[in-house]
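Working notes, structure below.
The values are calculated or read from the model by the stated rules, or taken from the named source; none is laboratory data. This structure is a prediction, so every number in the text was calculated from the model and none was measured. Note that each Cβ is placed from the backbone with ideal geometry, even for glycine, and that neighbours are counted across all protein chains shown.
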Ligand code: ATP
């Protein structure tokens, strides 16, 4: 399928099925902002939950944090963002559009002119004012990354969690960047969600942990069903490294328009802890009782985008095939990522059937995210579930009232099996790997 066509299909499906809506449509829209609808909010939450499960819940060396978005500008002074978090901006003298110089190769993509201004550094942080007076002293910034929350809480967490290096602090939340050219649907937006973890290690162990983390993170995408030919690792060369990094690897995904970053794994050295220590006057070190000395840990950071990852999962899962000679659209999403794991479908609106279907919903919904649909023909309902990636449908039919069994239908094979209601929950738990 042509890449434009695939993107158009995903954007249309997202809108038609309540996954992602362009924001403020009734007002004519607001450039590159999006709202996550009833199915999108489930899917995005599943992406974040799958990350949290793998990074925090299943490990005893990583703890969580939810830091504030608004905070003192001193953080951004110390971190280097006020001075360095810039993109090179050029103006087209002919049509007045603005572009990121490193994205356009000297030619205005709008009008084709080569009459561009010199590139100037444009700081991407959103500025606002805290309190009623709008002056220099009340200026604050929306965070452009979640990472700094972990550094400024290093001491608090060291003292309260009793963790010792190597250990990590993880956070999921919104970040804001005044991108010059947002676009490609939710790939690049000005408001987006990140999933970041700062892993504090003894400096000599940093290279080993760096390699460990980029392999782990690549495995996460593979385990959640992205095919390996759609993923690759790309090592940054020296000139490309950020001001704080001693090494960076990007995990890239084969987007319809080409390879693009999903996640960056960086060896941030002791840059941030030392910078905050020097700006705040607080010691941000670890005292090692074994050697009776203190050191500033190095930090390995896997930094992923939740909204960007969700888009990659949508693209990776999109399929069109044929069932009984009829075309169908199916999202082959991993059960942990799909908005619903189970759809409960009473064959008719007869009261006794709906009552049984309700009981099944009450039994399954504490365990799985379930949909309930009693509209239209059963074939149409299967198609609707396939299109949004629901891996299993449970059909309650007239025989169910007699034999106390239901039919489970598999999304990918479309195979159907009859299962006693008493065994349904356990059957789904093992089928979906719950
Ligand atoms: P890019 O080069 O694409 O601008 P970056 O290298 O600046 O990205 P990082 O600062 O490493 O990105 O941020 C970590 C992750 O956060 C990225 O891999 C991406 O998944 C996500 N991310 C960054 N900027 C955006 C954005 N504007 N919209 C959506 N996700 C983003």
Task: Residue check, residue 263 within 13 Å of the ligand (Cβ to nearest atom), crowded, with 22+ Cβ neighbours inside 10 Å and either in the same structural domain as residue 149 (by TED's automatic domain parsing) or assigned to a strand (DSSP E or B) (or both) - done: yes
- [ ] Check 198, 191 and return the single one that is touching a residue at least 24 places away in the same chain (Cβ under 8 Å) and within 12 Å of the ligand (Cβ to nearest atom).
- [x] 191
Task: Selected residue (criterion: farthest from the ligand (Cβ to nearest atom)) from residues of the stretch 124-152 that are in a loop (DSSP other than H, G, I, E, B) and touching a strand residue (DSSP E or B) at 6+ places or on another chain (Cβ under 7 Å) - done: 130
TODO: Might you let me know whether the stretch 398-420 holds any residue that is outside the structural domain of residue 40 (by TED's automatic domain parsing), outside any loop (DSSP other than H, G, I, E, B) and closer than 24 Å to residue 310 by Cα?
DONE: yes
- [ ] With the condition kept exactly as written, say whether any residue in the stretch 206-219 is in contact (Cβ under 8 Å) with a residue 60 or more places away in the chain, more than 15 Å from the ligand (Cβ to nearest atom) and in contact with a helix residue (DSSP H, G or I) (Cβ under 9 Å, 6 or more places away or on another chain).
- [x] yes
TODO: Give 371, 410 a once-over and let me know the one that is under 30 Å from residue 191 (Cβ atoms) and more than 16 Å from the ligand (Cβ to nearest atom).
DONE: 371
Task: Scan of the stretch 180-191 for residues that are touching a strand residue (DSSP E or B) at 6+ places or on another chain (Cβ under 6 Å) and either farther than 15 Å from residue 32 by Cβ or at pLDDT 95 or above (or both), ordered by number - done: 186, 191
- [ ] Give the number of residues within the stretch 114-139 that are at negative phi and loosely packed, with under 14 Cβ neighbours inside 10 Å.
- [x] 17
TODO: Tell me, yes or no, whether the stretch 299-317 has at least one residue that is away from the ligand (no atom under 15 Å from the Cβ) and either part of a strand (DSSP E or B) or within 17 Å of residue 150 (Cα to Cα) (or both).
DONE: no
TODO: Could you tell me which numbered condition residue 40 fails, if it satisfies all but one of (1) within 22 Å of residue 172 (Cβ to Cβ); (2) without any contact (Cβ under 8 Å) to a residue 12 or more places away in the chain?
DONE: (2)
TODO: Take the stretch 164-177 and flag every residue that is touching a helix residue (DSSP H, G or I) at 6+ places or on another chain (Cβ under 9 Å) and surrounded by fewer than 18 Cβ atoms within 10 Å (Cβ to Cβ).
DONE: 164
Open item on the list: Within the stretch 266-284, take every residue that is within 16 Å of the ligand (Cβ to nearest atom) and in a helix (DSSP H, G or I) and give me the one that is nearest to the chain's Cα centre (by Cα).
Closed with: 272
Task: Hits in the stretch 37-57 - residues which are surrounded by 15 or more Cβ atoms within 10 Å (Cβ to Cβ) and farther than 15 Å from residue 313 by Cα - done: 37, 52, 54, 55, 56
